[in-house]
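A.B. asks: Encoded as structure tokens, here's the structure I'll be asking about.
The values are calculated or read from the model by the stated rules, or taken from the named source; none is laboratory data. Everything quoted here is computed from the prediction, not taken from an experiment. Every residue, glycine as well, gets a Cβ built from its backbone with ideal geometry; the counts of neighbours run over all protein chains shown. The area values use the complete protein model at the heavy-atom level, side chains included, leaving out ligands, DNA and RNA. Shrake-Rupley method; radii C 1.70, N 1.55, O 1.52, S 1.80 Å.
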Amino acid sequence: MEEPSIERIFSLEEIDYTRFWGDNDKILDFVRILFPKIKLIARGEMLKAVGSLEDIDFFALKLQSMMEHYERTGRLSENTIMQIFESGGTSPEAEVSDEILVHGRNGLLIKARTPNQKRLVQAVKTNDMVFAIGPAGTGKTYTAVALAVRALKNKEIRRIILTRPAVEAGENLGFLPGDMREKLDPYLQPLYDALRDMIPQQKLLNYWEDGTIEIAPLAFMRGRTLDNAFVILDEAQNATQAQLKMFLTRMGRNAKFIITGDITQIDLPRHQQSGLVQATRILHGIEGIDIIQLDNSDVVRHKLVTRIIRAYEREQDNREHQKDPSQVELEQS
């Protein structure tokens, strides 16, 4: 007696289903050929499968392997599907190169590009707390976010927390319109931009809504214990000594902390000392903590950015050399 048909709905909302099925549903058509006893109907992010219970269970197992492969690598070929179909697992092709941190949107391959960025990646593998210090454009924040996204995809942690001090760079937050979130959004934009490069839009929105990814001012970290999380403090040069100590002591179980900053761009009032400068001095050499210095050779923006940074550095050096000795003594006092 023929086994009765059942119907099961699968959701593909966690991935970019349009790219998953390929141009003109080429991949979907290939899957239909491999599972002739199942009727497959794709409607947006939903996939309906109709067939016997045994066939549907077998298909569900293979579909899960295909989705996991796609989520890790950002691609799915007919050859990979055949290997998954025949072996019951992902193929050797599914293994992600250590150099690639994240397969981003639209086929973007995100990886460490410079020696110091690679040192940062290695440091995070062997340390739970890493400081990444360097000028703008050296990729410290972008690399840190990529490492966090990779850890989330690999289920090494349960959530990502991104935070920055609410310090104005020559502007006054109090005079900006909107609530605190709207006032802070412009300062958090680099973090948003990095996340949008690495996670499909709908999935990112879901992560924000369910708290898997949280972006908040540094002050919101007070009193919390951050367990099972990858936590990034960006622009840490603008955290006071008390704020940074508070943040560093929030570390809970199974947590990774990356602290990024540029000590040449401190926007704190003159009477306040940067916590980042103090922390990198007193925490140097502590087991489990590493400090990575990035420099102009790590700038991966337009080539003019490197030239601009060097020009400003030369100007600063010239000003230091031209200072009156008595003025230098006054400033140091």
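A.B. asks: Determine ³J(HN,Hα), in whole Hz, for all residues of region 29-42 in sequence, where each value follows from phi through the Karplus function 6.51 cos²θ - 1.76 cosθ + 1.60 and θ = phi - 60°; x replaces Gly and Pro.
C.D. replies: Here the 3J(HN,Hα) series is 4, 5, 5, 4, 5, 6, 10, x, 7, 10, 8, 10, 10, 9 Hz.
A.B. asks: Separation between the L109 and A136 pseudo-spin-labels, each 7 Å from Cα along Cα→Cβ, expressed in nm?
C.D. replies: Distance between label points: 3.0 nm.
A.B. asks: Largest first, how would S65, S297 line up by accessible area (1.4 Å probe)?
C.D. replies: Result, largest first: S297, S65.
A.B. asks: Would you pull out the residues with amide H under 5 Å of L283's amide H, same chain only if 5 or more places away, H placed 1.01 Å from N?
C.D. replies: none
A.B. asks: At what distance in nm do the modelled label points of T126 and T18 sit from each other, each positioned 7 Å from its Cα along Cα→Cβ?
C.D. replies: 4.4 nm
A.B. asks: Efficiency by 1/(1 + (r/R0)^6): what FRET value for K26 and K155, r their Cβ-Cβ distance, R0 = 25 Å, to the nearest 0.05?
C.D. replies: 0.25
A.B. asks: I'd like the Karplus ³J(HN,Hα) series for region 252-258: coefficients 6.51, -1.76, 1.60, θ = phi - 60°, whole numbers in Hz, and an x wherever there's a Gly or Pro.
C.D. replies: With coefficients 6.51, -1.76 and 1.60, one gets x, 6, 6, 10, 10, 10, 10 Hz.
A.B. asks: Taking all protein chains together and a probe of 1.4 Å, list E287, E156, E71, E54 from the most accessible to the least accessible.
C.D. replies: Result, largest first: E287, E54, E156, E71.
A.B. asks: On a 1.4 Å probe surface of the protein chains, which of W21, W208 comes out largest in accessible area, and what is the full order?
C.D. replies: Values: W21 10, W208 60 Å².
Descending accessible area places them as W208, W21.
A.B. asks: Let me ask something else about it. Give the long-range amide H neighbours of M129: residues separated by 5 or more places, or on another chain, with amide H under 5 Å away, using H modelled in the peptide plane at 1.01 Å from N.
C.D. replies: Residues meeting the criterion, in which the H sits 1.01 Å from N, are F257, D290.
A.B. asks: Spin-label point model (7 Å from Cα, Cβ direction): what's the Q293 to S77 distance in nm?
C.D. replies: Simple spin-label model gives 4.4 nm for this pair.
A.B. asks: Keeping all protein chains in the complex and leaving out DNA, RNA and ligands, what accessible area do you get for D317 with a 1.4 Å probe, in Å² to the nearest 10?
C.D. replies: For D317, solvent-accessible area is about 80 Å².
A.B. asks: OK, next. So, taking all protein chains as they sit and a 1.4 Å probe, how much accessible area belongs to R196, in Å² rounded to tens?
C.D. replies: Only protein atoms counted, so the area is about 80 Å².
A.B. asks: Moving on. Would you mind checking the pairs K140/K245; K111/K155; K62/K125; K26/K118 and listing those with alpha carbons more than 26 angstrom apart?
C.D. replies: Values: K140/K245 21 Å; K111/K155 19 Å; K62/K125 31 Å; K26/K118 37 Å.
Pairs exceeding the cut-off: K62/K125; K26/K118.
A.B. asks: Label 7 Å along Cα→Cβ of E86; region 46-68 residues with amide nitrogen under 16 Å?
C.D. replies: none
A.B. asks: For I6, which sequence-distant residues (separation of 5 or more, or a different chain) have an amide H within less than 5 Å of its own amide H, given hydrogens modelled in the peptide plane?
C.D. replies: G51, S52, L53
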